[in-house]
Structure formats: structure tokens, C-alpha cells
Amino acid sequence: MNSKHETTNVSDSNSITKQTDEAATTVIEMHDCSISFGGIHAVQNASLSLKKGEVVALLGHNGAGKSTFIKLLSGAYKRDTGVIKVRGEEATINNPRDAKSYGIETIYQTLALADNVDTAANLYLGRELRTVWGTLDDVAMEAKAREVMGRLNPRFQRFKEPVKALSGGQRQSVAIARAILFDAQILIMDEPTAALGPQETAQVGELIKQLKKDGISIFLISHDIEDVFELADSVAVMKNGQMVGTAPVSDVTRDDVLGMIILGKCPPGAVRGPGAIDTELA
Ligand SMILES: Nc1ncnc2c1ncn2[C@@H]1O[C@H](COP(=O)(O)OP(=O)(O)O)[C@@H](O)[C@H]1O
Ligand SMILES: [Mg+2]
């Protein structure tokens, strides 16, 4: 197989049209990304892509390499090898600032909120709006906070309280609203519901559905297979730092996904990754 050379046989205009179509819907492509820590291959030749308005769930056991892989996209770690494309163009992502410049924002489990101040102050932390007199424009910040939060979480009313008084689900919406205010087009959520009860988990699910409606693309790292089947369009499973496979959720069953996680066995409905075991062994 030598597809690179074969493309010279295809008419130029055709290949250009195809490329433009793909670039319009695929917002992130990660190709063969690797990183090692002192000889340990935390992530090895992992590839994954994300389309506009799509939720891709990343699953796998603890230590499988999910957080590390996604940190190559958020710029928290610099990859040793691999190519990352954003909207079809090769991207330079060497630190979190680079990632943000491409509209990639990460919601960390810790949320990184300033506990003692209110929602508006958290949304504008470090980039406060000011009046023409140079004083803080609290009115404008609260108005914008109400607008963004109203879209994400219409029932939220606790604008005057410090965020430490809010529930876990509400805090999650504040962190997401902040990313949206930063013009996030691509959100990375690493186990957003790990510390939440069932009701709050459901609330975060509603947030994700709302973000998806707004055309935001999401990488969702999750442990909860039910959540994944409810919220995600596609699943990707990692094991021992490698990608086992990826599949649209409609093409795999829960048991298929469990087999991917536990055994590294890639089902027929999925695209095999380098981490999939030979099916004869399964
Ligand atoms: N900063 C680091 N230094 C050394 N090893 C690390 C570091 N970050 C992650 N690892 C290792 O990489 C592997 C993958 O970890 P991680 O990405 O956190 O897994 P997951 O998120 O799937 O639970 C683990 O073996 C972990 O110990
Ligand atoms: Mg993790």
C-alpha cells in the first residue's frame, strides 16, 4: 500500500474538495502521539479525532493513559512524537497557552475556582471588565455571568454567593461557563462527575447536552459506561498507554466496550488501534 503516491492519480480538484469537507467537520486530529516518563511509555502512538459538536468519550482502567493523552492536547504535557491538527491545520501545542489560542479549554477535576468570590468574579478572574474610570465593572460582569449561566444552567440563581457555597454540579457549571467565556470551541473534561452524586451527575449530563447543541466539541474522560452511552457519539478505549479502538456508540454494545477496557479486545463495530489484542487470543 502506498496511498500517498496514489493520490497523484486522483484529479486535484477532487482531492481538494474532499479535504475541505473533512476540515469543515473534523476539529481535532491527534495522530500517533506518544510521551514517556523516564522510560515508561505513558502514551504510545495514540490517535483520536473529534468532530464539531461531537462528544467523544475516552475510557480505560486507571493508569491506562487517558489523562496523559488528553494533556498532550491541552498543552499540559509536551508530546515526544505525533501530530496534532486543529480544523485541518497542523497545530503547535507546547503549553496550555498554545491550546487556549486554538479554543481548546480543559475543565480539570479540581475545577480551579476561586472559592471565596462569586460566580461573576470567577468567570472574569484575571481578565476583569473595567469601567471607563478604571474601576471594576461589576454590573457588566454580573450581566454577562447571568447570560452565560442562563444558557448553561437556567435554574441557577445563586449569583451573589461565593462559589464555595455552591453544589458540585453548580461549581461545574461555573467552570464550564468560564471556558465558554474564553471562547472555547473544544472542551476537555477529565472525569467531571467523579466526585459528584447521582443528581449532580445528571446535571453535568444536561450541561454536556447543552454544549453539544451549541456546536461545542467535547472529549469526555469517564468511568461511567451508562453516562458514556447516554452522552457520547463515539467511544475510544485505552489500555496500557495504547488505543484499543474507537467506535460510534451505536455500533457497539456495553459488553463490547467492557471487553475493550478489560481485555483490550476490539469488537467488529470498532476501528482497531495499536493496543488491540489479537482476537484469537481473546
Ligand atoms: N508526570 C508523570 N510522571 C511519571 N509518570 C506519569 C506522569 N503522569 C502520568 N504518568 C504515568 O502514566 C501512566 C498513565 O497515567 P494516566 O494518564 O494518569 O492514566 P489514566 O488517566 O488513564 O488513569 C501511569 O502509569 C502514570 O503513572
Ligand atoms: Mg486520569
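Checking LYS213 against (1) surrounded by fewer than 23 Cβ atoms within 10 Å (Cβ to Cβ); (2) at pLDDT 95 or above, which test does it fail?
(2)
Here's the yes/no breakdown for (1) crowded, with 17+ Cβ neighbours inside 10 Å; (2) within 16 Å of ligand 1 (Cβ to nearest atom); (3) small (Gly, Ala, Ser):
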site	(1), (2), (3)
SER234	yes, no, yes
VAL237	yes, yes, no
GLY241	yes, yes, yes
ALA247	yes, no, yes
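Quick one: how many residues across the range 216-252 are part of a loop (DSSP other than H, G, I, E, B) and either among the acidic types (Asp, Glu) or under 17 Å from SER173 (Cα atoms) (or both)? Let's see the steps before the verdict.
Residues of the range 216-252 part of a loop (DSSP other than H, G, I, E, B): 216, 222-224, 232-233, 240-241, 252.
Those left that are additionally either among the acidic types (Asp, Glu) or under 17 Å from SER173 (Cα atoms) (or both): 216, 224, 233.
Here the count works out to 3.
Residues that are within 16 Å of ligand 2 (Cβ to nearest atom): which helices (runs of 4 or more DSSP H) entirely in the range 33-126 hold 3 or more of them? It would help to see each step written out before you state the result.
Working: elements: 66-74, 96-101, 119-123.
Hits in the range 33-126: 66-74.
Looking at (1) in a helix (DSSP H, G or I); (2) within 16 Å of ligand 1 (Cβ to nearest atom), which one does ARG151 not meet, given that it meets all the others?
(2)
Filtering the range 183-199 down to residues that are within 16 Å of ligand 1 (Cβ to nearest atom) and in a loop (DSSP other than H, G, I, E, B), which residue is modelled with the highest pLDDT? I'd like the intermediate steps shown before the answer.
As a first pass, look at the range 183-199 and keep what is within 16 Å of ligand 1 (Cβ to nearest atom): 188-195.
Then keep just the ones that are in a loop (DSSP other than H, G, I, E, B); that gives 191-195.
Details: GLU191: 89, PRO192: 85, THR193: 82, ALA194: 80, ALA195: 75.
Step by step, filter the range 183-199, then rank; the result is GLU191.
Give the residues of the range 62-77 that are within 7 Å of ligand 1 (Cβ to nearest atom), among the polar types (S, T, N, Q) and touching a residue at least 24 places away in the same chain (Cβ under 8 Å), sorted by residue number. Before you say what the answer is, go through the steps one by one.
Of the residues in the range 62-77, the ones within 7 Å of ligand 1 (Cβ to nearest atom) are 62-69.
Going one step further and asking which of them are among the polar types (S, T, N, Q), we end up with 62, 67-68.
Those that are within 7 Å of ligand 1 (Cβ to nearest atom), among the polar types (S, T, N, Q) and touching a residue at least 24 places away in the same chain (Cβ under 8 Å): SER67, THR68.
The values are calculated or read from the model by the stated rules, or taken from the named source; none is laboratory data. Here the structure is a predicted model, which means the values were calculated and not measured. Using ideal geometry, Cβ is built from the backbone for each residue, glycine included, and neighbour counts are taken over all protein chains shown.
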